[in-house]
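Input: a single structure, listed below in structure tokens.
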Amino acid sequence: MGSEGSVKMEHLFLKFKESLNLSREISALGKYLKNPTWLVLPEVSDEYEQPKKREVSESVKKTIDGHEHLRKEGAKILRVIKRSRKSKAAEMFQHGEKMHGLCYPLMAEGEIFGYIVLCDLKKAMSSDVQKIFMAFTDAVIHEVRKEVELEEMNKTIRPRAIALSTVHTVHRLMTSTLNLNELLPRIARLSLQVIRANRCSIKLVDKKRKMLLPKATIDLRRKKIRLKKVQIGKYAPGRAVKKGTPIRGRDYLAVPLTDEDVVGVITLYDRLDGKEFTRFDEEIMKTLSEQAAIAIRNAQLFMEQTDLTLSSIKCIAQLLEDRPYVAHRAEASFHKLIYIIGRKFNMNETEIKMLQYAVMLHDAGQISIPEKVLMKRGELTGREFDIVKTHPMKGAMILKKFKPLKPIIPIILSHHENFDGTGYPKGLKGKEIPLAARILAVVSAFEAMITKKPYRKALSIPAAIKEVRKNANTQFDLRVVEIFCDAVQRKDVRKLLEKELGKI
Amino acid sequence: MKRDLKRILKDKLTREVLTFFYQNQSSVDSAGGVSAWVSDDRERVQSALDRMVELGVVEKDSMGSTNGYCYTRDEQIMKVVKSLMQDV
């Protein structure tokens with residue numbers, strides 16, 4: 001038996017000796033057999049194979065030490081163990097003055113791991129009683145084996161289950177964001193955690209230039225980091241990308257980020273314990289990098305999608321601006337203004353972005369209104385005003401065909417509703433009007449006032465602010481007006497706005 | 001730091017959670033996951049984790065509804081935990 005096997009058998013013996021079921025057997029059968037002496041001995045092959053007949057093995061000596069009257073019986077006990085060991089069966093023997101005994105080998109998987117030696121039996125054990133004793137003992141062995149197997153399984157499975165759970169949690173954390181700027185440092189942090197290294201660097205492939213561009217680096221030792229571009233094929237990260245396989249050295253481990261194609265590389269440096277990177281680290285990082293590559297690809301696709309959406313919106317906005325009656329917009333300053341106001345109202349990034357889109361497209365519906373109505377100098381007739389009032393609805397109809405803009409439809413629909421209920425198209429009042437539409441109402445009115453129209457001059461910024469304030473609580477929500485006025489009077493916003501208006 | 005850590009380690013569950021992370025330093029898991037490894041109630045494990053995050057002995061990575069907890073990478077804190085674990 002190999003050393004691993006003998007360790008397993010020693011463990012089994014100890015478990016058997018300490019087992020509660022054995023105590024129960026000793027107690028139950030002990031009464032029936034009139035309290036014999038139970039000796040439970042381990043299998044120690046070297047000791048039991050001693051050539052000198054009269055010598056007693058250490059294990060036997062130790063076991064009978066507590067039984068004064070058996071001290072002289074050591075040699076006999078050893079002999080019966082030897083017999084039992086050879087026959088792998090129960091063996092009877094006699095000892096002392098007309099006393100009987102029985103030795104039964106404890107076996108698992110055909111191997112002996114110990115013996116029960118019963119001494120001081122007043123008479124030889126009948127074959128029926130022997131059967132009961134053996135059945136009892138075998139049942140105890142069976143239970144103990146099951147217990148040990150379960151323990152072994154737990155020892156092997158638990159670390160794997162913990163590792164699997166880690167991979168699962170890491171996957172969830174990686175796929176919870178589509179923002180590449182947030183994702184890459186997160187992947188670096190998680191890689192450092194899982195591998196317990198000091199430094200992690202993520203580089204992404206720039207196909208045009210055949211280079212790897214540094215995107216995220218974390219160094220726990222807070223070393224000054226120089227973000228270096230690396231040529232594909234050079235150094236460990238470059239070689240890992242070129243070969244498409246991990247490159248492992250004593251102090252580094254570079255693993256390519258492979259989706260359908262290699263999108264980049266994660267490189268870890270210097271394990272926290274100072275040891276070298278192992279094959280196990282490599283395997284873990286391979287799994288992690290596969291997940292990371294998918295998350296990166298998803299984020300890149302999302303960015304492409306967002307860019308495409310923004311380009312389409314800009315395209316529509318440009319078409320609107322090219323019509324003669326629409327003034328050019330100060331885009332950057334209004335984006336900034338909306339961002340500041342949105343944050344004040346605790347809007348999230350997506351809500352703010354949608355509001356910015358709404359500002360760009362709020363008059364999309366005017367495209368279907370005759371130019372002569374829009375450009376008319378002087379007051380509109382009732383019929384003409386009815387036509388103008390259809391533009392929020394028409395704008396919503398045009399924009400709803402473009403799915404990414406679905407969230408802005410209610411904003412466009414309600415941006416001409418007045419806070420006091422006198423607006424159109426539905427005559428909504430107060431908080432019945434969506435917050436974003438209440439903000440857009442103020443911003444679009446201000447925008448209209450400061451831009452020159454063919455039929456009137458542009459108002460100055462202070463005059464437009466005054467006009468907005470004048471209409472608080474009637475046309476506009478007072479709270480929105482207050483926040484808007486604070487924002488528009490901020491130095492940075494004002495400067496940007498004046499600069500953009502000057503260019504228009 | 002050591003005193004604060006000693007104080008929170010008087011709680012049996014907190015000690016078990018820290019032992020889990022000490023023995024599985026590469027692990028990143030949710031409160032639900034950790035509660036399975038220490039065989040205890042999720043909410044109680046969550047409070048133990050919160051206490052340890054506050055002391056910096058466990059780090060928290062959050063995104064939306066997903067929270068991942070992992071063992072600290074701070075060398076000083078790791079030294080303190082190591083000495084405490086040897087005393088346990």
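The values are calculated or read from the model by the stated rules, or taken from the named source; none is laboratory data. Just so it is clear, the model here is predicted, and its values are computed rather than measured. Ideal geometry is used to build each Cβ from the backbone, glycine not excepted, and the neighbour counts take in all protein chains shown.
Give just the number: which of (1) without any contact (Cβ under 8 Å) to a residue 12 or more places away in the chain; (2) within 12 Å of another protein chain (Cβ to nearest Cβ) does A:Thr175 not satisfy?
If we test A:Thr175 against (1) without any contact (Cβ under 8 Å) to a residue 12 or more places away in the chain; (2) within 12 Å of another protein chain (Cβ to nearest Cβ), just (1) comes out false.
A:Pro185 fails exactly one of the following numbered conditions: (1) in contact (Cβ under 8 Å) with a residue 40 or more places away in the chain; (2) closer than 20 Å to A:Val170 by Cα. What is the number of that condition?
(1)
Mind checking which residues of the range A:192-227 are of a type in the set (D, E, K, R), closer than 30 Å to B:Gly68 by Cβ and in contact with a strand residue (DSSP E or B) (Cβ under 8 Å, 6 or more places away or on another chain)?
Within the range A:192-227, A:Arg196, A:Arg199, A:Lys203, A:Lys215, A:Asp219, A:Arg221, A:Lys223 meet the criteria.
Do we find that A:Asp486 is surrounded by 12 or more Cβ atoms within 10 Å (Cβ to Cβ) and of a type outside the set (A, V, I, L, M) in this structure?
Values: surrounded by 12 or more Cβ atoms within 10 Å (Cβ to Cβ): yes; of a type outside the set (A, V, I, L, M): yes.
Answer is yes for this residue.
Residues A:Lys372, A:Lys389: which one is in the same structural domain as A:Lys499 (by TED's automatic domain parsing) and over 23 Å from A:Lys401 (Cβ atoms)? I'd like the intermediate steps shown before the answer.
Details: A:Lys389 fails: over 23 Å from A:Lys401 (Cβ atoms).
After ruling out the rest, the residue left standing is A:Lys372.
Which condition does A:Met211 not pass, out of (1) buried (at least 16 other Cβ atoms within 10 Å of the Cβ); (2) without any contact (Cβ under 8 Å) to a residue 60 or more places away in the chain; (3) within 14 Å of chain B (Cβ to nearest Cβ), if it passes all the others?
Of everything listed in (1) buried (at least 16 other Cβ atoms within 10 Å of the Cβ); (2) without any contact (Cβ under 8 Å) to a residue 60 or more places away in the chain; (3) within 14 Å of chain B (Cβ to nearest Cβ), A:Met211 misses just condition (3).
Could you list, in sequence order, all residues of the range B:11-32 that are of a type in the set (S, T, N, Q) and either without any contact (Cβ under 8 Å) to a residue 24 or more places away in the chain or facing chain A (nearest Cβ under 9 Å) (or both)? Let's see the steps before the verdict.
The initial filter retains those residues of the range B:11-32 that are of a type in the set (S, T, N, Q), namely B:14, B:19, B:23-27, B:30.
B:Gln23, B:Asn24, B:Gln25, B:Ser26, B:Ser27, B:Ser30 - these are the residues of the range B:11-32 that are of a type in the set (S, T, N, Q) and either without any contact (Cβ under 8 Å) to a residue 24 or more places away in the chain or facing chain A (nearest Cβ under 9 Å) (or both).
Filter the range B:33-88 down to the residues that are part of a helix (DSSP H, G or I), over 13 Å from the mean Cα position of the chain (by Cα) and within 11 Å of chain A (Cβ to nearest Cβ) and list them by number.
B:Ala36, B:Glu75
Kindly state which helices (runs of 4 or more DSSP H) lie completely within the range A:327-381 and contain at least 3 residues that are crowded, with 16+ Cβ neighbours inside 10 Å.
A:331-344, A:349-361
Consider the range B:1-10. How many of its residues are in contact (Cβ under 8 Å) with a residue 40 or more places away in the chain and not in a helix (DSSP H, G or I)?
Applying the first criterion (in contact (Cβ under 8 Å) with a residue 40 or more places away in the chain) to the range B:1-10 yields B:1-2, B:4-6, B:8-9.
Subset that is not in a helix (DSSP H, G or I): B:1, B:9.
Number satisfying all stated conditions: 2.
State whether the residues of the range A:118-126 include one that is over 52 Å from the mean Cα position of the chain (by Cα), polar (S, T, N, Q) and closer than 22 Å to A:Lys31 by Cβ. Spell out how you get there, then give the answer.
Our first condition is that a residue be over 52 Å from the mean Cα position of the chain (by Cα); within the range A:118-126, this holds for A:118-126.
After this cut, where a residue has to be polar (S, T, N, Q) as well, the list is A:126.
If we keep only those that are closer than 22 Å to A:Lys31 by Cβ as well, we get A:126.
Yes, there is a match, as at least one residue in the range A:118-126 is over 52 Å from the mean Cα position of the chain (by Cα), polar (S, T, N, Q) and closer than 22 Å to A:Lys31 by Cβ.
Among the residues of the range A:124-149, how many are loosely packed, with under 11 Cβ neighbours inside 10 Å and either of a type in the set (A, V, I, L, M) or under 30 Å from A:Met99 (Cβ atoms) (or both)? Even if it seems obvious, please write down each step before you answer.
Let us first name the residues in the range A:124-149 that are loosely packed, with under 11 Cβ neighbours inside 10 Å, namely A:126-128, A:135, A:146.
Those still in the list that are either of a type in the set (A, V, I, L, M) or under 30 Å from A:Met99 (Cβ atoms) (or both) too: A:126-128, A:135.
Matching residues across the range A:124-149 total 4.
Answer yes or no as to whether A:Ser460 is without any contact (Cβ under 8 Å) to a residue 60 or more places away in the chain and of a type in the set (S, T, N, Q).
Values: without any contact (Cβ under 8 Å) to a residue 60 or more places away in the chain: yes; of a type in the set (S, T, N, Q): yes.
Yes, satisfied.
In the range A:107-139, what count of residues is obtained for those that are small (Gly, Ala, Ser) and in contact with a His (Cβ under 6 Å, 6 or more places away or on another chain)?
In the first step, residues of the range A:107-139 are kept if they are small (Gly, Ala, Ser); the result is A:108, A:110, A:114, A:124, A:126-127, A:135, A:139.
Going one step further and asking which of them are in contact with a His (Cβ under 6 Å, 6 or more places away or on another chain), we end up with A:124.
Residues in the range A:107-139 being small (Gly, Ala, Ser) and in contact with a His (Cβ under 6 Å, 6 or more places away or on another chain): 1 in total.
What residue, of A:Glu447, A:Glu432, is loosely packed, with under 14 Cβ neighbours inside 10 Å and among the acidic types (Asp, Glu)?
On the way: A:Glu447 fails: loosely packed, with under 14 Cβ neighbours inside 10 Å.
None of the others qualify; the one that does is A:Glu432.
With farther than 16 Å from A:Leu39 by Cα and not polar (S, T, N, Q) as the only criterion, which of A:Lys76, A:Lys72, A:Lys131 stands out?
On the way: A:Lys76 fails: farther than 16 Å from A:Leu39 by Cα; A:Lys72 fails: farther than 16 Å from A:Leu39 by Cα.
After ruling out the rest, the residue left standing is A:Lys131.
Can you tell me which residue among A:Val144, A:Val170 is within 13 Å of chain B (Cβ to nearest Cβ), at pLDDT 90 or above and closer than 30 Å to B:Val38 by Cα?
Values: A:Val144 fails: within 13 Å of chain B (Cβ to nearest Cβ).
Of A:Val144, A:Val170, the one residue that is within 13 Å of chain B (Cβ to nearest Cβ), at pLDDT 90 or above and closer than 30 Å to B:Val38 by Cα is A:Val170.
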